[in-house]
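Note sheet for the following structure.
We did not get these values from a lab; they are worked out from the coordinates using the rules stated. Keep in mind it's a predicted model, so treat the numbers as computed, not measured. Glycine gets a Cβ as well: all are built from the backbone with ideal geometry, and neighbour counts include every protein chain shown.
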Amino acid sequence: MKSLGKRMKTNYSAIPFKSSSIELQNKPSNEPKQFYVEEYTDEFDEIDDFPLIPEGGGAAAGPEAADAGVPGAVFNLATSIIGAGIMALPAAMKVLGLALGFVSIVVMGVLSEISIELLVRYSVLSKAASYGEVVEAALGRAMRVVSEVCIVVNNAGVLVVYLIIIGDVMSGSSDHVGVFDQLFDHGVWDHRKMVILVVLIVFLAPLCALEKIDSLSLTSAASVALAVVFVVISCAVAFIKLVDGTIQKPRMGPDFSTKASILDLLVVIPIMTNAYVCHFNVQPIYNELEGRSPQKMNRVGRISTVMCVVVYAATAVSGYLLFGDETESDVLTNFDKNLGAHFSMVLNYIVRIGYVLHLVLVFPVIHFSLRQTVDALVFTNSVLDSRKKSLALTAVLLGVIYVGSTMIPNIWVAFKFTGATTGLSLGFIFPALITLRLDKHDKSLTNGEKAVSWLMLVLAVVVSVVGVAGNIYSIQNQS
C-alpha cells in the first residue's frame, strides 16, 4: 500500500460512498473524473495514511501535518464546544423549565453532530481545507465571504465573553464579589479592565501565538478536565441539597406569566444552539488528524458530542437546581455566596478559579480559527506563513477583543445576538445548504439525511428570525 500511496500522491479523486465514506482511486491524468459507489469495509483503513486533502489545499493540508491522534482531536473539538456557553445554560434552563430544557440540550446536540458529519463528508468531497472553502465549493465565492464574516463575528464575540467572565469572576461586579476581593480584600485588582489586560498579556497571548492547533491538544485536555471538575462539584452540591430538601421545587416548563418571560423564551433557543457551534474548527482539526478519514473524524465528532451533551445537561440542571429563579445569566457569578454545604467557600473558590483556568485554555483554540479566517478574508497572500506577520495579526485581534470586552455589559447580551445570527448560520444553516447543494452532483444522501438537512435548515431560519425579532423588541422595551 505504501508504494501505491507514492504513485497516488498527485493524482487521485475523491469518491463518495453511501455510507458517508470517501475512498481514493488511482487515475491517469488524462482520464476524466468519475465517481463510483461501493460498500465500505474496514480493509480500506490501510490507506488512512494518505491525505484526503491535497497539498496546497490550505494550511496544514500536506501529509506531514497529519500528526494528531483521535484523543487529541476529541479534546480540541470538545474544547471548541465547551466554552463560555456552558455558563449561560442554567439561565436558559430557568427560562425553559427543567423538562423542556433537558430535551432541548439533547436535541440540539444530536442535530449539531449530524451537521458536523455532513460537513466532514462534503469537505472531503470538495477537497476543502477550511470552512470557507467548502462553502465556496457549494455556494460560491460571495457566500464564502458571508460565512467567514460569520466566523469572525461569532469567534470574536465568544472570546469577548470569555474575557467578560474572567473579569467578573476575578474582580467582581456591581452585584457580585470577586475572588480577589474575597481573598485579599480591596486593592488594585478591583480594576476589572486592568485584570483582564494582565490575563490577556501574561497567559493568553503566548498560547494564541502557537502556529498549529495540535499544539493545544494538551491544554485542551486540561480545559476539559477543569470543566468536568466544575460539573462534578455543582452536581454533588445540588444532590446534597436535594436530599436535604433545601432546594426549591423547579419549574418543569416555560413561564408565560409575564411579558419579560415570554421575550426570554423567544431568544433562549438561539443561546442553546450557540453552545454547540464548533464547525469552524472541524476542518483544521481534520487536517491534522493522523491517518485522517471521514470515519475517524466522525468518531471524533460523536465522542465529543456525547461528552458535551452530558456536561451541558449536568451543568444546566445542577445550576438551576442550586439557584432557582436567582440564577444569573453567567451562573459562575452565583458562586460568590454560601452554597449551604460543607466547605462551601472552598468549593466556591475551586469552581470559579477552575473555570477561569478552563476559559484561559479554551481561548487559544477559538482564537486559532478566528486568526485563520481573518487571514483568508482580509489578505490575498496568507500572512500566517510569516512568523512576524502572524504575531502582528494575533496582537491586533487580541487588542480588538480586549476593547470589546470593556464595552459589552454581560454575556447574555452577547449570546442572544450571536446565537440568533452567526451561531445558527455556522452550525446549521450553512451545513444544510452545503449538503443539499452538493448532493445534486453527488447523489449520495439517503432520504433520511435529506429530510434531516431540510429540517435543520427550516428550523434554523425560523429560530433565527424569531430570535432576532425578540432581541430587537426586548431592546426597544428596555429603552
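The label point for Val146 and the one for Phe184, both projected 7 Å from the Cα toward the Cβ, are 4.9 nm apart.
Per-residue extension of 0.36 nm, minus the Cα-Cα distance of Val465 and Ile201, leaves a gain of 91.2 nm for this segment.
Modelled spin-label separation between Val413 and Val103, with each label point placed 7 Å from Cα along the Cα-to-Cβ direction: 3.4 nm.
Once the Cβ-Cβ distance of Leu455 and Asp325 is raised to the sixth power relative to R0 = 41 Å, the FRET efficiency obtained is 0.75.
Taking Rh as the Kirkwood radius computed over C-alpha pairs, what is the Stokes-Einstein D of segment 58-478 at 10 °C in a medium of viscosity 1.306 mPa s, expressed in µm² per second?
D, rounded to a whole number, is 73 µm²/s.
Any idea which of Phe256, Ala238, Leu218 is furthest toward the positive side of the dipole for segment 202-262, if Lys and Arg beta-carbons carry +1 and Asp and Glu beta-carbons -1? Farthest towards the positive pole: Phe256. 3J(HN,Hα) couplings calculated from phi for segment 452-467 with the Karplus curve 6.51 cos²θ - 1.76 cosθ + 1.60 (θ = phi - 60°) are, in sequence order, 5, 4, 5, 4, 4, 5, 5, 4, 5, 5, 4, 5, 5, 4, 5, x Hz; Gly and Pro show x. Cross-link check: pairs Lys94/Lys443; Lys127/Lys388; Lys249/Lys416; Lys127/Lys450; Lys259/Lys337 evaluated at a Cα-Cα cut-off of 32 Å; pairs beyond the cut-off: Lys94/Lys443. Extension gain, Phe239 to Ser261, is 5.2 nm, computed as 0.36 nm per intervening residue step minus the present C-alpha separation.
Here each label is just a point 7 Å from Cα along the line to Cβ, and for Lys440 and Val400 those points are 3.3 nm apart.
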